[in-house]
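One structure below.
The values are calculated or read from the model by the stated rules, or taken from the named source; none is laboratory data. Please read all numbers here as calculations on a predicted model, not as lab measurements. Every residue, glycine among them, receives a Cβ derived from its backbone with ideal geometry; neighbour counts consider all protein chains shown. Please note that ligands, DNA and RNA were not included when accessible areas were found on the heavy atoms of the full protein model with its side chains. Shrake-Rupley method; radii C 1.70, N 1.55, O 1.52, S 1.80 Å.
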Amino acid sequence: MKGIVCDEIERFRMTDDLPEPELLDGHAIVSIRRVGICGTDYHAFRGNQPFFHYPRILGHELSGIIEQIGDNEGSLHTGDQVSIIPYLHCGHCVACRRGKTNCCTDMQVLGVHVDGGMRERISMPITHLLRTDGLSLDEAAIVEPLAIGAHAVRRAGIGAGDRVLVIGSGPIGLGVMLFAKDAGASVIAMDMNGERLAFCKDWAKVDHTVNALETDVKQRLSELTEGEFPIAVFDATGNAGSMNRSFELAAHGGTLIFVGLVKGEITFSDPEFHKRELTLMGSRNATREDFNHVLDVLRHTEVAIDKYITHRSSFDGMIEAFDQWLMPDSKVIKAIVELKAD
Ligand SMILES: NC(=O)c1ccc[n+]([C@@H]2O[C@H](COP(=O)([O-])OP(=O)(O)OC[C@H]3O[C@@H](n4cnc5c(N)ncnc54)[C@H](O)[C@@H]3O)[C@@H](O)[C@H]2O)c1
Ligand SMILES: [Zn+2]
Ligand SMILES: [Zn+2]
């Protein structure tokens, strides 16, 4: 079968001779239709993804159609359109036993630790498939990146009337904004990129935007919150400087949620942390519950997925298009690879 393999740093290869997946017990064979591309894929290609081994088939933002399946409790059938949960958890570690499958000690993520979905067919545990009736194949493919935001918002426990700040308006931050708004919060988006901030207003319907380059950030946040500061601050920048500073931007009694991640260390002033009695949270991946929440929101609210997806290519055109998507002036938010139209 056909697939694209990342053989080594900066080298993709299209091949026709990948082995067909086997239908194992409790699994289904899914015919892949869409693959979303994100920072993880760019980093893997560029060689700055830690713990990454080559060759590897990338692709973890996946939708497709069930091609073969046995009897199952989830009442899934051949021909069903599905979204894939790409996090293979062990099921028995300390985190899994507590339902926190998203931070399993032995997490195997498709397209990162094991081969992903940039191929015609994949074998998946039935537990990792979600039926996506009523949604498009594009929508079903971007459930995963949106679920990252849904998880962070659920973890933060915010609700109606809460004032929250989301720093970083890339595809991940946008998801946080979307679900924070859906939870009834008043959302301030902060970034250094004016175009992206305009997109936050238009797409995620955030209440305010703050350009971190042009503004005295603390002063502006104080004005926007009657001197109280946001009760929850999400950092989705992947920038250590921003994460360090975020401790000073939260309300007393508030919560700081690190959705973005950095390789290095984060340092902060203990008095700033302590006097606020801040709660600091990491937020990693998402659980099945978060995926279901995303499906629910996509079904019941107007989310302009066609605007979130800024770039697309055919399967055959992916290798060439990928190079362009890496250029900063390509203004990619989300690129999608289309293996088959329907
Ligand atoms: N929690 C998870 O499981 C998970 C999953 C996927 C990605 N991530 C991480 O989320 C982060 C964001 O991912 P993305 O794809 O949206 O990235 P991205 O690079 O597209 O977006 C980051 C945004 O942050 C802005 N930014 C950078 N530094 C800033 C600063 N100092 N102040 C204000 N804005 C700043 C950039 O202008 C950009 O718009 C990355 O660190 C990524 O690794 C986390
Ligand atoms: Zn991704
Ligand atoms: Zn586990």
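Per residue, what volume in Å³ does the convex hull of the Cα atoms of segment 164-278 enclose?
Spread over its residues, the Cα hull of segment 164-278 gives 92 Å³ apiece.
All other residues with a Cβ under 14 Å from the Cβ of Cys90 taken together, and with Lys, Arg as +1 and Asp, Glu as -1, what is their net charge?
+2
For Lys263, give me every one of the aspartates and glutamates with a C-alpha distance below 20 angstrom, ignoring sequence neighbours fewer than eight places off in its own chain.
Cross-link targets: Asp41, Asp106, Asp235.
Quick one: in the chain, what % of C-alpha pairs are over 37 Å apart?
I get 17 percent for the Cα pairs in the chain exceeding 37 Å.
Taking Rh as the Kirkwood radius, which is the inverse of the mean 1/r over Cα pairs, what is the Rg/Rh value for segment 1-150?
On the Cα set of segment 1-150, Rg over Rh gives 0.95.
In whole Å, how far is the Cα centre of segment 293-342 from that of segment 204-246?
Answer, in whole Å: 28.
For segment 275-342, what's the relative contact order in percent, using C-alpha pairs closer than 8 Å and at least 6 residues apart?
31
How would you rank 166-173, 191-198, highest first, on the average number of other Cβ atoms within 10 Å across their residues?
166-173, 191-198
For helix 171-182, report the angle its Cα long axis makes with the longest principal axis of the Cα atoms of the chain; keep it between 0 and 90° and round to the nearest 10°.
It is inclined by approximately 70 degrees.
Arranged from highest to lowest average of other beta-carbon atoms within 10 Å per residue, in what order do the peptides 208-220, 14-26 appear?
Result, highest mean first: 208-220, 14-26.
Carbon and sulfur atoms: what percent of the 1.4 Å accessible area of the chain do they account for?
Carbon-and-sulfur percentage of accessible area, whole number: 48.
List the lysines whose Cα lies under 16 Å from the Cα of Lys2, skipping any in the same chain that are fewer than 8 positions away.
Of all the lysines, those that pass the test against Lys2 - Cα under 16 Å, at least 8 places apart if same chain - are Lys340.
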